[in-house]
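Colleague: Submitted below is the structure of interest, expressed as structure tokens.
Bear in mind that the values in this text are calculations on the coordinates, not laboratory data. Quick caveat: nothing in here was measured; it's all calculated off a predicted structure. Here the Cβ positions follow ideal geometry from the backbone for every residue, glycine too, while neighbour counts run over all protein chains shown.
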């Protein structure tokens, strides 16, 4: 079980809850969220995300990450007042507060 | 047969000139032969007429006209020799007329008197004449009192001439035919090495610049041609090699500084104390670094493919399955633009090759299709078998490609529209990577398109054997 703020990611059942509410995700969206949630606060570059969630063949296709993050955001962040998914322009995406801060 | 080929043109010219020469030569031969034969015959007739005139007419006073008749019959026996002899007096009375010849080639009494107009001339004169009827050649000797006409049928002369004509009519075309076929064989043989050189040179320029043309040490023009072509290929190979090496070296050298740059910038960008402005600038710097790295990585991948380091893996896989899962992994990209991606995959289309590289091909083609299809469009992925080949088609109903851009689609850094493509990212290397991967896998890729009517990219790869 991974916890970031009020977000819960159950790695066994692959269920995601936020503030006690269940969130339905597609397999790719789940894989992306799990990858980000495993290292809260850390910022991942698009290349790292692609290599982990997709595979090498998708390299160079950086907007695929942006599109999936946007969809993930609409499910995980939009209905809630605090935003968890963080964009660091030029670097990539992270979940939760920056570890540096 | 190719009517513009060198051998065809050479032989045609050769045959034409030869025919002309033969026809002119044949006509001249006929004309001179006829002239020669006729004048020889006429000479003989005239000589004979003179003989008769000299010996017989001179003695007419002594022996009487009856005797002449007899003597001519005896001495010249015209009927047996198919000769025509006629002796007339100055009053036009016929003193002697030879009988009909055995071959019936002329009727003596029908032959008009030759040279009548000249009869009243004084003295002896000779005349040679081809009778207008054409059947008798006649020599005439006339004196004051008598005229002797000696003739012979033209038949033998005509026969000789027609035989010569026949000989020419048959021999001439045959001669031309033999000369032409001989010439054709010769030209073919002389040009065969040229064809071989052309084929080989085509082969080399398309696939393997490291090979050379075979040089036949014949000491002729062809040896020189193949040697100079080989020198040219060598220089070409050098140029291509050094340009490839340059790209490979340059992209390799750029990689490390870019990584360092990226790392430093990233750690700067994550500093929370930064002003918003600085953070924005760092962000856009990082985006540019990203773009640069992407280009460098693509170039490196391309030069590796060129160098043949590509075919590391050869496995059998189902092309339809690969395409379907890849499309699923990218489904959000299409969904985002409201594009319907349809997969029409025949089952069990098994190919052999590098699976992950083939996947890259699918990703690049599908990404392109989605990128250049407007919101609400359609993309169709079709996988089928065509003979011994597996065929993957990526069809969209997007903006299409202008006809003048089609031949350049797979060239490096080529973009149909610079402004349009730049904002959508990409350096114009995606399709050249597709092309290089296909080439390394023994597959072919091509594109057809109508501006405004969408494009169709087609990858054709041999099916795996024994399936």
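Colleague: Based on DSSP H runs of at least 4 residues, each adding -39500 (n - 2.57), what is the mean residue ellipticity at 222 nm of chain B after dividing by all its residues, to the nearest 500 deg cm²/dmol?
Modeller: That calculation yields -19000 deg cm²/dmol at 222 nm.
Colleague: Using the Kirkwood radius over Cα pairs, work out the Stokes-Einstein diffusion coefficient for segment B:183-248 at 20 °C and 1.002 mPa s, in µm²/s as a whole number.
Modeller: For the chosen part, D equals 164 µm²/s.
Colleague: Please compute the Cα-Cα pair-distance distribution of chain B with 10 Å bins starting at 0, giving whole percents from short to long.
Modeller: Result, from short to long distances: 4, 12, 14, 12, 9, 7, 6, 5, 5, 7, 8, 6, 4, 2, 1, 0, 0 percent.
Colleague: Same structure again: Would you please state the base-10 log of I(q)/I(0) at q = 0.16 1/Å for segment B:147-207, with intensities from the Debye formula using one equal scatterer on every alpha carbon?
Modeller: Taking Cα atoms of segment B:147-207 as identical point scatterers yields -0.74.
Colleague: Here is a further query. May I ask for the Rg/Rh ratio of segment B:252-334, computed from Cα atoms with Rh as the Kirkwood radius, given to two decimals?
Modeller: 1.16
Colleague: Here's another thing I want to ask about it. Measure nothing but the geometry: give the 0 to 90° angle between the long axis through the Cα atoms of B:319-329 and the longest principal axis through the Cα atoms of chain B, rounded to 10°.
Modeller: Tilt of helix B:319-329: around 40 degrees.
Colleague: If you don't mind, another one. Can you give me the relative contact order of chain B as a percent, contacts being Cα pairs under 8 Å and 6 or more apart?
Modeller: Taking the mean separation of contacting Cα pairs over the length of chain B, I get 10 percent.
Colleague: Rounding to the nearest 10 and keeping the result within 0 to 90°, find how far the Cα-based axis of helix B:430-441 lies from the longest principal axis of chain B.
Modeller: 70
Colleague: Something else about it: For chain A, what is the relative contact order in percent, using Cα pairs closer than 8 Å and at least 6 residues apart in sequence?
Modeller: It comes to 29 percent, rounded to a whole number.
Colleague: Taking 1 over the mean of 1/r across every pair of different Cα atoms in segment B:216-259, what Kirkwood radius in Å do you get?
Modeller: 12.9
Colleague: So if I average 1/r over every pair of distinct C-alpha atoms in segment B:316-463 and take the inverse, what Kirkwood radius in Å does that give?
Modeller: 15.3
Colleague: What average count of beta carbons from other chains do you get within 10 Å of the Cβ of residues in A:84-97?
Modeller: 4
Colleague: Another one. Using Cβ counts within 10 Å as a stand-in for footprinting exposure, how do A:54, B:13 rank, fewest first?
Modeller: B:13, A:54
Colleague: Residue by residue through B:354-363, how many Cβ atoms from other chains fall within 10 Å of the Cβ on average?
Modeller: That average works out to 3.
Colleague: Still on this model: With N set to the number of residues, divide the alpha-carbon radius of gyration of segment B:230-386 by 2.2 N^0.38 Å and report two decimals.
Modeller: This ratio for segment B:230-386 stands at 1.40.
Colleague: Continuing with this model, one more query. Measure nothing but the geometry: give the 0 to 90° angle between the long axis through the Cα atoms of B:276-306 and the longest principal axis through the Cα atoms of chain B, rounded to 10°.
Modeller: Approximately 40 degrees, to the nearest ten.
Colleague: So what is the diffusion coefficient of segment B:318-367 in µm² per second by Stokes-Einstein at 37 °C and 0.692 mPa s, using a Kirkwood Rh over Cα pairs?
Modeller: In µm²/s, the coefficient rounds to 287.
Colleague: Mind jotting down the three principal axis lengths of chain A based on Cα atoms? Whole angstrom, largest first.
Modeller: Dimensions of chain A along the principal axes of its Cα atoms: 37, 31, 22 Å.
Colleague: List the pair-distance distribution P(r) of segment B:165-287, using every Cα-Cα distance, as the percent of pairs falling in each 10 Å bin from 0 up to the bin containing the longest distance, rounded to whole percents.
Modeller: Going out from 0 Å in 10 Å bins, segment B:165-287 shows 10, 19, 14, 12, 12, 11, 8, 6, 4, 3, 1, 0 percent.
Colleague: Go ahead and set up a Gaussian network model of chain A, Cα springs under 10 Å, then flag whichever of A:57, A:45, A:74 fluctuates most.
Modeller: A:57
Colleague: With 10 Å bins from zero, work out the P(r) of the protein assembly as shown over every alpha carbon pair and list the percent per bin.
Modeller: Whole-percent P(r) values from 0 Å outward: 3, 12, 14, 13, 10, 6, 5, 5, 5, 5, 6, 6, 4, 3, 2, 1, 0.
Colleague: Related question: Evaluate peptide B:278-286: per residue, the Cβ atoms of other protein chains within 10 Å of its Cβ; return the mean as an integer.
Modeller: The per-residue average across the peptide is 3.
Colleague: Roughly how many nanometres apart are two label points built 7 Å out from the Cα toward the Cβ at residue B:74 and residue B:338?
Modeller: Those two pseudo-labels are separated by 13.6 nm.
Colleague: If r is the Cβ-Cβ distance from residue B:267 to residue B:227 and R0 is 45 Å, what FRET efficiency results, to the nearest 0.05?
Modeller: So, using R0 = 45 Å, E works out to roughly 0.15.
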